[in-house]
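*Asks:* Mind having a look at this structure? Questions to follow.
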Amino acid sequence: AVWRIARDDSGKEYQFTDIIYEKAVGEGIAKITINRPERRNAFRPLTIKELIVAFNDARDDNTIGAIIFTGKGTQAFCSGGDQAVRKADGYADYDKFGRLNVLDLQVQIRRLPKPVIAMVAGYAIGGGHILHMVCDLTIAADNAVFGQTGPKVGSFDAGYGSSVMARLIGPKRAREMWFLARFYTAPEAEKMGLVNTIVPLEKLEQETVKWCREIVRNSPTAIRVLKSALNAIDDGHAGLQQLAGDATLLFYGSEEGIAGKTAYLEHRRPDFSKFPWRP
Ligand code: 2NE
């Protein structure tokens, strides 16, 4: 794939500090990269703010069908929250108060109606491990390492970091992963159901792009509805709303839906008599 820095609505290249946001020319694929390799791609609040902007743009761009989420370099996908800026009330960089805005990003990825593919080289640890778990697919390099450190460093994620993990690997394994805070190799992670496939490090992007190309050849609406359906039960009312929104979206384009809107705008009673009460 040929990557170009993504442009904002005014046509200017996005200028980010902590991330790189690119799109593949003519491919329908976006790539969002955490760019703090010197800290093993640990995130601070600014990193998350920038990621939220990029994911939002990729969502709104109707030429984009798949989003790759990765970390700069080969040593880490992401090592979680930047402990150097951790305060008593969350993570704080340029603000005087702390925050846990990574939780907003997790929700955003779950609700984003396009597949997000984690492309993991090196460490996916702590909050970084949770970020790969909330992605739809994970392609791991053979040097990938997975784990939670929370109980060692005085932290935990009792939200998606626990519930999605239990769904992915089962409740016993999830307890093991959190209580012992061990690290797992890529083959161990694959056996546990944490990753979709493992490839040699030098083939990581090539293989990830191949998966994305296969996805973007498929029906956007089918993929959209399937993603919301696959998350619906776990995400409760919010999951149901996402799926329900897809139903409304489809209904608005139907003759029956348009008949109701048109009648309202023409100040007359709608005539739905020609539409069947299907079995
Ligand atoms: C990731 C890991 C295992 C990598 O080890 P290694 O040996 O390859 O690298 P090293 O030397 O540890 O790290 C390189 C530099 O990156 C910094 C290190 O401090 C080091 O800096 P210098 O000493 O060279 O100046 N670095 C790495 N990870 C960092 C981090 N998360 N925050 C700040 N600086 C970091 C190894 O580095 C490691 O274990 N890192 C810590 C992983 C961790 O505990 N993450 C936080 C978990 S809690 C969390 O993320 C979280 C949550 O649980 C709930 C909500 C939100 C967040």
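*Asks:* Restricting attention to the stretch 105-118, does a residue exist that is within 14 Å of the ligand (Cβ to nearest atom) and open to solvent by 10 Å² or more (accessible area, probe 1.4 Å)?
*Replies:* Yes, that holds for at least one residue.
*Asks:* Of these, Y123, Y184, Y160, which one is on the phi < 0 side of the Ramachandran plot, under 16 Å from the mean Cα position of the chain (by Cα) and aromatic (F, W, Y)?
*Replies:* On the way: Y123 fails: under 16 Å from the mean Cα position of the chain (by Cα); Y184 fails: under 16 Å from the mean Cα position of the chain (by Cα).
Every option except Y160 fails the conditions.
*Asks:* More than 11 Å from the ligand (Cβ to nearest atom), touching a residue at least 12 places away in the same chain (Cβ under 8 Å) and either more than 18 Å from the chain's Cα centre (by Cα) or closer than 26 Å to V209 by Cβ (or both): which single residue out of R39, R86, R59, R99 fits that description? Quick ask: steps written out before the conclusion?
*Replies:* Details: R39 fails: more than 11 Å from the ligand (Cβ to nearest atom); R86 fails: more than 11 Å from the ligand (Cβ to nearest atom); R99 fails: more than 11 Å from the ligand (Cβ to nearest atom).
Exactly one residue qualifies, and that residue is R59.
*Asks:* Then there is this: Within the stretch 3-22, does at least one residue satisfy the condition of being outside any loop (DSSP other than H, G, I, E, B), buried (at least 18 other Cβ atoms within 10 Å of the Cβ), out of contact with any helix residue (DSSP H, G or I) (no Cβ under 6 Å at 6 or more places or on another chain) and among the small types (G, A, S)?
*Replies:* Scanning the stretch 3-22 turns up no residue that is outside any loop (DSSP other than H, G, I, E, B), buried (at least 18 other Cβ atoms within 10 Å of the Cβ), out of contact with any helix residue (DSSP H, G or I) (no Cβ under 6 Å at 6 or more places or on another chain) and among the small types (G, A, S).
*Asks:* Of all the residues that make up the stretch 179-198, how many are surrounded by fewer than 19 Cβ atoms within 10 Å (Cβ to Cβ) and not charged (D, E, K, R)? Step through it out loud before you land on a result.
*Replies:* Looking only at the stretch 179-198, we keep the residues that are surrounded by fewer than 19 Cβ atoms within 10 Å (Cβ to Cβ), and these are 179-183, 185, 187-188, 190-193, 196-197.
Of the ones still in play, those that are also not charged (D, E, K, R) are 179-181, 183, 185, 187, 192-193, 196-197.
Number of matching residues: 10.
*Asks:* Here's another thing I want to ask about it. Looking at the stretch 66-73, can you tell me whether even one residue there is on the phi > 0 side of the Ramachandran plot and open to solvent by 20 Å² or more (accessible area, probe 1.4 Å)?
*Replies:* yes
*Asks:* Residues being among the hydrophobic types (A, V, I, L, M, F, W, C) and open to solvent by 20 Å² or more (accessible area, probe 1.4 Å): count how many of those fall in the stretch 126-168. Don't jump to the end; show me each part of the working.
*Replies:* As a first pass, look at the stretch 126-168 and keep what is among the hydrophobic types (A, V, I, L, M, F, W, C): 130-131, 133-135, 137, 139-141, 144-146, 153, 156, 158, 164-166, 168.
Imposing the further condition that a residue be open to solvent by 20 Å² or more (accessible area, probe 1.4 Å) reduces the set to 137, 145, 153, 156, 158, 166, 168.
Number satisfying all stated conditions: 7.
*Asks:* Residue check: is K49 outside any loop (DSSP other than H, G, I, E, B) and away from the ligand (no atom under 16 Å from the Cβ)? Give the derivation first.
*Replies:* Details: outside any loop (DSSP other than H, G, I, E, B): yes; away from the ligand (no atom under 16 Å from the Cβ): no.
Judged against the criteria, K49 is not a match.
The values are calculated or read from the model by the stated rules, or taken from the named source; none is laboratory data. The model shown is predicted, which means the values in this text are computed figures rather than measured ones. Cβ coordinates were reconstructed from backbone atoms using ideal geometry, including for glycine residues, and neighbour counts include every protein chain displayed. For accessibility, only protein heavy atoms count, side chains too; no ligands or nucleic acids. Shrake-Rupley method; radii C 1.70, N 1.55, O 1.52, S 1.80 Å.
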